[in-house]
Amino acid sequence: MPRRLPPGCVEDKDRHGNVRYYYRPIGLPKTRLRGTPFTPEFMVQLEAAKGAPRPSERHGIATGTWRWLCIRYFAECTDYKLLDARTQYVRRNILEATFDEPIAPGSEKCFRDMPLRLMTPDAVEVLRDRKIKTPEAANGRVKLCGKFLNGA
């Protein structure tokens, strides 16, 4: 009877007959998992493989992150391309200014690498509140972030 593996995992034998385990999400390259299936170490590696954004080959930007979405907006969105050059400049500056802001005070992680699933209204509020002394800048952030996150 074949061995059961966690969902998304596959077992491969190399040319020497050694068994190796991989996590293989649909449409993405597989990631090697070391150890024995279902051990705590194996499961930690599996969770890391599931949640880690993969760097884009083209830009070195992790797909599915805040910066990735903004870059795609600048490059591909027809609505953005139809805007006046000055409006494009302002929007780009507003969004790019959010990239280097830490997720939390003292954190080394920045919004640029935040997965989109974590860009909630609470995250937008954090970005807004950091510009509380300049209400127009705060409103600009809310408008643009809301546009992206609501799919409008």
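Annotations for the structure displayed:
- Qualifying residue in region 90-108 (condition: among the aromatic types (Phe, Trp, Tyr) and either touching a Lys or Arg at 6+ places or on another chain (Cβ under 7 Å) or in the same structural domain as residue 24 (by TED's automatic domain parsing) (or both)): yes
- Pairs with Cβ under 9 Å, 6+ apart, first in region 89-105 and loosely packed, with under 13 Cβ neighbours inside 10 Å, second not in a helix (DSSP H, G or I): 100/110
- Filtered residue count, region 30-48, keeping only those that are closer than 24 Å to residue 63 by Cα and free of Cβ contacts under 8 Å to residues at least 24 places away in the same chain: 7
- When residue 104 is tested against (1) farther than 15 Å from residue 141 by Cα; (2) assigned to a helix (DSSP H, G or I); (3) hydrophobic (A, V, I, L, M, F, W, C), only condition (2) is not met.
- Within region 11-35, the set of residues being part of a loop (DSSP other than H, G, I, E, B), over 22 Å from the mean Cα position of the chain (by Cα) and exposed (fewer than 10 other Cβ atoms within 10 Å of the Cβ) comprises 14, 15, 16, 17, 18, 34.
- Flag for residue 131 being without any contact (Cβ under 8 Å) to a residue 24 or more places away in the chain and within 30 Å of residue 28 (Cα to Cα): no
- Residues satisfying the stated conditions in region 36-53, i.e. within 15 Å of the chain's Cα centre (by Cα) and either of a type in the set (Gly, Ala, Ser) or assigned to a loop (DSSP other than H, G, I, E, B) (or both): 48, 49, 51, 52, 53
- When the residues of region 39-88 are filtered to those that are of a type in the set (Val, Ile, Thr) and touching a Lys or Arg at 6+ places or on another chain (Cβ under 6 Å), the one that is modelled with the highest pLDDT is 63.
- Scope region 114-152; condition more than 27 Å from residue 51 (Cα to Cα) and outside any helix (DSSP H, G or I); matching residues: 130, 131, 132, 133, 134
The values are calculated or read from the model by the stated rules, or taken from the named source; none is laboratory data. Quantities reported herein were computed from a predicted structural model and do not represent experimental measurements. Positions of Cβ are backbone-derived with ideal geometry, glycine not excepted, and every protein chain shown enters the neighbour counts.
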